[in-house]
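Some notes on the structure that comes next.
The values are calculated or read from the model by the stated rules, or taken from the named source; none is laboratory data. Every value quoted in this text rests on a predicted model; they were computed, and no experiment measured them. Positions of Cβ are generated from backbone atoms using ideal geometry, with glycine treated the same way; all protein chains shown enter the neighbour counts. Note: accessible area is taken over every heavy atom of the protein model, side chains too, but ligands, DNA and RNA are not part of it. Shrake-Rupley method; radii C 1.70, N 1.55, O 1.52, S 1.80 Å.
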Amino acid sequence: MAAFLPRPTHLEIRIQPNGARIGSPLGVQPIVEVRDSYGRVVKDAVPVTVALASGDGHLLGTVVVNAVDGVARFTDLRLTGGYGAKTLTFTSPGLRSATADSMDLSPAVRSRLDRPDDITGSQVHVIYVLPRGATDRELDTKVDIANSVAAFQGWLARATRMQIRFDLYQGDLDVSFFELSRPDSEMRLFGAFVVTEIERELAGAGVIQQDKRYLIYYGGGTAAFVCGGAAWPPIVEGQVAAIYLGACPGELASGPNDSPGYWEFAALHDLLHTLGIVSSAAPHHTANSWGHVPEPEDLMYGGGTSPWEPTTVDVNGDDYFSPNLPDSLSNLATNVFVEPVAATVAAASAPAGVHPRISSILPAHSPFPKP
Ligand SMILES: [Ca+2]
Ligand SMILES: [Ca+2]
Ligand SMILES: [Ca+2]
Ligand SMILES: [Zn+2]
């Protein structure tokens, strides 16, 4: 009786990868076997590497796994990229590779909860809020909001070397979903104070946490001549900024490296209001438009006869962004909701000097509603 040493010849997929969703590990993680020419599992401890063979995006997670008793079990693979078909291949040196069945990358799972935070401390949580019964554009799960936030973060990083501390979950923007109890027809009657009503409902539902600010992409409108609104502490108490997507025209940025458009600037502008910017005591604070400065190229312009064409965060560095402001003024440079960006990250963002695709449109609100 001759004893043959089993010799591995190829890989075979025992469990096909499946269940690919944006922002989550694969629902079904693949298991791959090392086999010989007779199809028997060979108990060799060979390394098995998985790669994305077709489809755009990236494969993340532990992509090299050592077979144990001839079986390689992947545990934390996940896919990024556009929706649609992706194919994985498995390789090991000297062995015939195996290609998995194609699978579709699907939108993220909707979360009505603020998921566990990657970072501790002050941070901004983003919520897609709909009035009751409004058309659901799934901006939370189809990464539209994540792209929009990334677009203005990139712009802010180039302009200031700072970035907003956003609430992340497993490395991605944590966007949750909330449906109001009232329809758009009721909400819009609150005019410039739609944001106040949104905050009231969120607080009533226990959503608001003490050390957070909230940026709302709101799928409703308003009867007032505004596109968004925000708290402006200490004069207008609150923690919430909202842009009213149903109130003004235009689309969100379509990719994370896009130049910010109107909605991105409006979101960032309103979010800065929730940090107390621009202080009423700032030298160029506009008395007829609270929380704002007068230059049309400034992110915190409050409207007037010139169109808003934001290129600058605090013209002349004397009102709300400078290392040297008096402590009495709200200062983006020292605010706990922002942090410095590594120079490499700032440089890698979309090219500087690109003129924002925005002109002749209203500022986020003109003027800021007086309390
Ligand atoms: Ca994630
Ligand atoms: Ca969270
Ligand atoms: Ca200034
Ligand atoms: Zn404003």
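Rolling a 1.4 Å sphere over the protein heavy atoms, what is the accessible area per residue of the chain, to the nearest Å²? Write down the numbers at each step before the final one.
On the way: 16470 Å² over 371 residues.
Value returned for the chain: 44 Å² of accessible area per residue.
Probe radius 1.4 Å, ligands and nucleic acids ignored: give me the carbon and sulfur share of the accessible area of the stretch 8-106 as a rounded percent. Write down the numbers at each step before the final one.
Details: 2360 of 4700 Å².
Roughly 50 percent of what the probe reaches on the stretch 8-106 is carbon or sulfur.
Dividing the summed -39500 (n - 2.57) terms of all DSSP H runs of n ≥ 4 by the residue count of the chain sets its mean residue ellipticity at 222 nm at -4000 deg cm²/dmol. Rounded to the nearest Hz, the phi-derived 3J(HN,Hα) couplings of the stretch 43-60 under the Karplus curve 6.51 cos²θ - 1.76 cosθ + 1.60 (θ = phi - 60°) are 7, 8, 9, 8, x, 10, 10, 10, 9, 7, 8, 8, x, 7, x, 9, 9, 10, where x marks glycine and proline. The label point for Asp118 and the one for Thr75, both projected 7 Å from the Cα toward the Cβ, are 2.1 nm apart. What the phi angles of the stretch 141-151 give under the Karplus curve with 6.51, -1.76 and 1.60, with θ = phi - 60°, is a coupling list of 8, 9, 6, 4, 5, 4, 5, 4, 5, 4, 5 Hz, glycine and proline written as x.
Packing order of peptides 192-198, 74-80, 333-339, highest average first: 192-198, 74-80, 333-339 (average count of other Cβ atoms within 10 Å over each peptide's residues).
Between the stretch 241-272 and the stretch 92-133, how many Å separate their Cα centres? Taking the Cα centre of each part, the stretch 241-272 and the stretch 92-133 sit 22 Å apart. Evaluated with a Cβ-only charge set (Lys, Arg +1; Asp, Glu -1), the chain carries a dipole of roughly 1160 debye about its Cα centre, given to the nearest 20. Please report the base-10 log of the normalised intensity I(q)/I(0) for the stretch 214-330, using a Debye sum with one equal scatterer per alpha carbon and no solvent, at each q in 0.10, 0.23 (1/Å). These q points yield log10 I(q)/I(0) values of -0.29, -1.44.
Using θ = phi - 60° in the Karplus curve 6.51 cos²θ - 1.76 cosθ + 1.60, the 3J(HN,Hα) couplings for the stretch 279-286 round to 4, 5, 8, 5, x, 10, 4, 8 Hz; x is entered for Gly and Pro.
Per-residue counts of other Cβ atoms within 10 Å, averaged by peptide: what ranking do you get for 36-42, 19-25, highest first? Display every interim value, and only then the final one.
Working: 36-42: 14.1, 19-25: 19.1.
In decreasing order of mean packing, 36-42, 19-25 become 19-25, 36-42.
Taking the DSSP beta bridges in the chain as the whole, what percent of them are antiparallel, to the nearest 5? List each step's numbers first, then the result.
Values: 38 of 62 bridges.
Bridges in the chain are about 60 percent antiparallel.
The residue list Thr135, Thr311, Gly206 was ranked by how far each Cα lies along the charge dipole of the stretch 123-348 toward its positive end, using unit charges on Cβ atoms, and Gly206 comes out on top. Basic side chains Lys and Arg get +1 at the Cβ, acidic Asp and Glu get -1 at the Cβ, and with that the dipole of the stretch 8-106 about its Cα centre reaches some 60 debye. Charged neighbours of Val46, selected by a Cβ distance under 14 Å, balance to 0 (K, R count +1; D, E count -1). The largest-to-smallest principal axis extents of the Cα set in the stretch 8-106 are 38, 19, 19 Å. Taking the average, over residues, of other Cβ atoms within 10 Å as the packing measure, peptides 266-279, 144-157 rank 266-279, 144-157 from highest down. Just to check, using Stokes-Einstein with a Kirkwood Rh over alpha carbon pairs, what's the diffusion coefficient of the chain at 37 °C and 0.692 mPa s in µm²/s? D = 144 µm²/s. Estimated from the Cβ-Cβ distance and a Förster radius of 41 angstrom, the FRET efficiency linking Glu179 and Asp101 is about 0.65.
Report the full-extension gain for the segment Ala342 to Ala85: residue separation times 0.36 nm, less the Cα-Cα distance, to one decimal in nm. Intermediate results must be reported in sequence, preceding the final value.
On the way: separation 257, 0.36 × 257 = 92.52 nm, distance 3.48 nm.
So the extension gain works out to 89.0 nm.
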